[in-house]
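The values are calculated or read from the model by the stated rules, or taken from the named source; none is laboratory data. All values derive from a computational prediction rather than experimental measurement. Here the Cβ is made from the backbone with ideal geometry for all residues, glycine too, and neighbour counts use every protein chain on show.
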Amino acid sequence: MSAMRHLLDLCKRRGFLFQSAEIHGGLRGAYDYGPLGVELKRNVSQEWWNSMVYQRSDVVGIDTAIITPPAVLKTSGHVDQFTDEMVDSRLSKERFRPDKAPALKLIDQDKVLPISAPDKVTAKVWEQDLRTQFAKGALITRKGKEILLQVERMEKDKIVLKRDNNTTTTTTATTVTTSEPTDLHIPYYGYVDPNSNSPFLTESRPFNLMFKTYLDPIDPIDKVITTTLDAQKSPSTSDLTSTRQLVDKTLHPSLTYLRPETAQGVFINYATVQRSHPHLKIPFGIAQIGKSFRNEIRLEHAIFRTPEFEQMELEFFVAPWQAEEQFEAWRKFRMDWWRYYARNNDRIRERAHAQDELAHYSSGCIDVEYLYPWGWGEVEGIANRGDFDLSKHSEATGIKLQYTDAILMQERQAREKSTGVKETSVEVLARERFTPHVVESSCGLNRAMLALMLDAMEVVDDQGKAIPFPGEGDNNNAASDNSTVSKGVRTIMRLHPRLAPVKVGIMPLISNNKDLVELCTGISQSLRQELQVNVSLETQSTTIGKRYYRMDEIGTPWCVTVDFESLQDRMVTIRERDTGEQRRVSAEEVVEIVRDGLRLHPRGSTTSNLQISK
Ligand code: GAP
């Protein structure tokens with residue numbers, strides 16, 4: 001079983017993650033977080049908030065509206081530019097992003113173009129489509145679910161297919177053009193359908209990723225119909241473009257968007273936050289955790305890419321001359337955070353954006369990437385956004401979104417008073433009042449959770465020895481998503497204790513013994529009340545060993561077992577997940593052991609506190 005499948009099975013079985021609306025057939029890309037998933041997600045976001053807000057004096061939080069008026073997103077550039085290119089595969093009708101699609105694969109010394117259908121029946125249909133529409137007259141054979149087209153030669157932007165001299169077809173297909181009567185050309189755009197290797201594609205076209213919605217009790221479709229029918233009555237408005245314009249105009253007053261990022265909510269509140277918190281001196285930040293929505297062309301890898309997801313974003317406002325240094329500081333800070341919570345530091349890396357990947361306003365951006373089972377994938381972006389955001393919102397609204405350094409201003413005014421000379425130097429004034437630049441850290445909560453689960457998941461044999469998924473440990477290549485581990489093994493989620501959804505599993509040796517259960521309940525109550533942590537009373541009638549393993553599988557760092565001796569001496573057995581070590585401690589000591597284990601110790605140590613430095 002692949003690493004990802006193994007994890008998703010575990011997630012479903014143990015209540016981390018479910019396909020949303022499954023009993024109604026499900027909804028692609030929509031997931032519900034079960035009792036353990038919700039805890040893990042909350043813990044990841046809490047650790048983020050703790051390090052970004054509570055552990056610093058220069059960052060405050062905010063929670064802004066999801067429903068966003070068009071003016072905000074027009075100003076930010078999202079209405080016009082938040083697009084991906086989209087391509088349809090003519091055979092499978094699958095839609096995909098060309099920038100992420102692979103190049104054409106040829107076999108048999110580049111003379112055969114293989115197209116893989118999902119099954120034999122589909123392959124027959126596709127073969128027929130090729131023969132009758134897309135590659136009429138080409139030399140085509142089929143082997144099971146694989147269709148093979150003979151290739152004459154490849155050119156830079158076209159594939160010349162070999163003609164089947166036994167066919168009498170003279171007409172060319174929709175996508176097939178002929179420059180010479182004997183050649184069958186199909187355009188080659190540099191990529192193919194990722195699932196089938198088919199180069200039979202539509203041209204790519206831009207697609208805006210934002211979800212539109214209408215704040216209006218009247219169904220917008222009624223308005224579309226009425227406006228369209230009215231438009232048809234006049235020859236001057238009955239053409240497609242004019243009708244569309246009229247429909248857009250009718251709907252515009254109620255048009256809103258679901259935000260595609262939480263960041264814009266921060267930018268439009270820059271001035272109000274600053275005014276309400278005058279102690280915030282630049283550099284300072286505003287953090288937000290919340291849902292964002294993108295109508296993604298391709299939904300993939302469970303919660304890795306979904307239309308509805310959560311972001312943990314920090315916008316850090318800095319003076320223009322501080323931007324570079326702050327970008328470097330945040331880059332380091334965030335990498336330290338990742339390295340602290342992840343076990344396998346070799347599965348985390350930074351990737352600097354190439355010049356042509358950068359947004360036009362950005363002067364630097366790095367992605368934090370995790371080595372997922374299918375390869376390196378972005379989990380967070382850290383960007384130096386310049387003054388683009390505040391300048392644009394200021395231009396659009398006429399409201400100055402600037403920062404004034406009151407101390408510098410008072411010093412200048414005092415100098416002017418004593419010398420009687422007004423200071424007009426541009427440099428002096430520019431240091432006193434300026435539009436802040438922004439350094440952003442933007443992390444996907446769901447992607448982070450997926451990365452941290454994959455990172456923590458270890459499959460061990462009955463001796464407790466780790467069995468890697470084939471391909472694991474190879475950092476340059478993706479661990480194959482088809483990699484398998486054999487059966488007869490168990491899983492341990494070696495999550496950082498602060499992330500673990502259940503902190504302590506408490507179990508009576510005999511599950512239905514009233515006295516044992518009572519002592520267990522007492523210990524769980526102390527943990528709940530004193531540490532406000534999630535504990536689980538494990539009273540199933542299975543062996544203690546099986547209950548330990550169930551707790552290991554969900555990442556519970558400590559198990560406490562109460563036996564008959566415990567009733568006499570109030571001593572219980574505490575077992576550590578990672579070492580399997582067991583020791584007898586007093587029932588009262590359990591709270592202290594867990595309290596200490598949940599401190600921000602450096603990983604692997606239990607002595608000194610971690611300082612996530614500023
Ligand atoms: N404000 C900047 C911004 O939104 P982004 O790179 O588009 O930048 C930031 O998104 C992070 O949000 C990504 O690194 C990723 O972790 C997460 N993210 C983006 N789109 C996502 C999706 N469709 N599903 C899950 N997470 C997503």
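In the range 250-342, which helices (runs of 4 or more DSSP H) lie fully inside it and hold 2 or more residues that are within 14 Å of the ligand (Cβ to nearest atom) and of a type outside the set (D, E, K, R)? Steps first, please.
Working: elements: 263-267, 270-276, 323-341.
By residue number, 263-267, 323-341.
Scanning the range 414-437 for residues being more than 16 Å from the ligand (Cβ to nearest atom) and either in contact (Cβ under 8 Å) with a residue 60 or more places away in the chain or surrounded by 12 or more Cβ atoms within 10 Å (Cβ to Cβ) (or both) gives a total of 12.
Could you count how many residues in the range 345-370 are in contact with a Leu (Cβ under 9 Å, 6 or more places away or on another chain) and surrounded by 18 or more Cβ atoms within 10 Å (Cβ to Cβ)? So the count comes out to 5. Counting only strands (runs of 3 or more DSSP E) that fall entirely inside the range 1-68 and contain at least 1 residues that are surrounded by 16 or more Cβ atoms within 10 Å (Cβ to Cβ) and hydroxyl-bearing (Ser, Thr, Tyr), the qualifying elements are 31-33.
Of the residues making up the range 214-225, those that are surrounded by 13 or more Cβ atoms within 10 Å (Cβ to Cβ) and either part of a loop (DSSP other than H, G, I, E, B) or among the polar types (S, T, N, Q) (or both) number 1.
Identify all residues within the range 515-548 that are among the hydroxyl-bearing types (Ser, Thr, Tyr) and more than 21 Å from Leu452 (Cβ to Cβ); write none if there are none.
Here is the first cut: in the range 515-548, the ones among the hydroxyl-bearing types (Ser, Thr, Tyr) are 521, 524, 526, 536, 539, 541-543, 548.
Correct list: Thr521, Ser524, Ser526, Thr539, Ser541, Thr542, Thr543, Tyr548.
Ala383 satisfies every condition listed in (1) more than 15 Å from the chain's Cα centre (by Cα); (2) more than 14 Å from the ligand (Cβ to nearest atom); (3) surrounded by 17 or more Cβ atoms within 10 Å (Cβ to Cβ) except (2).
The residues of the range 545-590 include none that are surrounded by fewer than 18 Cβ atoms within 10 Å (Cβ to Cβ), under 24 Å from Leu499 (Cα atoms) and of a type in the set (A, V, I, L, M).
Restricting attention to the range 367-393 and to residues that are in contact with a Lys or Arg (Cβ under 6 Å, 6 or more places away or on another chain) and free of Cβ contacts under 8 Å to residues at least 60 places away in the same chain, the residue that is nearest to Ala329 (Cα to Cα) turns out to be Asp367.
Search the range 438-462 for residues being among the charged types (D, E, K, R) and touching a residue at least 40 places away in the same chain (Cβ under 8 Å), and hand back the single one that is nearest to the ligand (Cβ to nearest atom). Break it down into steps so the answer makes sense when it comes.
Within the range 438-462, the subset among the charged types (D, E, K, R) is 440, 447, 455, 458, 461-462.
Those still in the list that are touching a residue at least 40 places away in the same chain (Cβ under 8 Å) too: 440, 447, 455.
Values: Glu440: 6, Arg447: 4, Asp455: 15 Å.
Residue satisfying both the conditions and the ranking: Arg447.
Taking first residues from the range 485-498 that are over 10 Å from Ile467 (Cβ atoms) and partners that are among the charged types (D, E, K, R) and at pLDDT below 55, no Cβ contact under 9 Å between residues at least 6 apart in sequence or on separate chains turns up.
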